[in-house]
Amino acid sequence: MEWQDCTVKMEIDVPISVAYNCYLDREAIPRWMPFLSSVKILEDKPDLSRWSLKYKAFGQDLEFSWLARNMQPIPNQKIHWRSLEGLPNRGAVRFFPKGSSSCLVELTVSYEVPQLLSPVASALQPFLQNLLGRGLERFANYAKAYQPDSA
């Protein structure tokens, strides 16, 4: 099986700390990446998360899940993970300042093409790029509306 990388980036009109804190809440990711049906941090092991993906594409209902290790983040710079079991993937979200009130968000997802999708592997790259790009657009709107809990 071969690995493919997909990277999308977008400038977002929020301070880097806001974008970083929004993405750091992994359980909120399905709010802007609707093809992810759920992300759950394991209560007894907060460095692990269980991800579920459901999407209809290429005439098939696709469903995959995986357990990921949430790698140590670098505050306001990088959030990254790698799967431990299930769908083989890894990825990173990087944050670059663009002044005091905006930042560049770069999302890279690397994945092993599942056997089921190998006949359409060449179509998968632009499809995934489009899907992730639309997700970043939704993330930009989510981050602009984000209000941290004031306790």
Practice item. Count the lysine pairs in the chain whose Cα atoms lie under 19 Å apart, taking only pairs 8 or more positions apart in sequence or on different chains. Key: 6
Review point. Under a point-charge model restricted to the Cβ atoms of Lys and Arg (+1) and Asp and Glu (-1), what is the dipole moment magnitude of the chain relative to its Cα centre, in debye to the nearest 20?
Key: 180 debye
Review point. Given that compact globular proteins tend to follow 2.2 N^0.38 Å, what is the ratio of the alpha-carbon Rg of segment 3-100 to that value?
Key: 1.14
Review point. Using alpha carbons only, how many degrees (0 to 90, rounded to 10) separate the axis of helix 121-145 from the longest principal axis of the chain?
Key: 20 degrees
Check your understanding: Ordered by packing density, taken as the mean number of other Cβ atoms within 10 Å over each peptide's residues, highest first, how do 10-19, 36-45, 95-104, 127-136 rank?
Key -> 10-19, 127-136, 95-104, 36-45
Point to revise | Estimated distance in nm for a label pair at GLU2 and ASP25, the labels positioned 7 Å out from Cα along Cα-to-Cβ | key: 3.9 nm
Check your understanding: Can you give the helix-only mean residue ellipticity at 222 nm for the chain, where every DSSP H stretch with n ≥ 4 adds -39500 (n - 2.57) and the sum goes over all residues, rounded to the nearest 500 deg cm²/dmol?
Key -> -7500 deg cm²/dmol
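Every read-out reported here was derived from the displayed coordinates using simple, explicitly stated rules and does not represent laboratory data. In this text, all values refer to a predicted model and were calculated from it rather than measured experimentally. Positions of Cβ are backbone-derived with ideal geometry, glycine not excepted, and every protein chain shown enters the neighbour counts.
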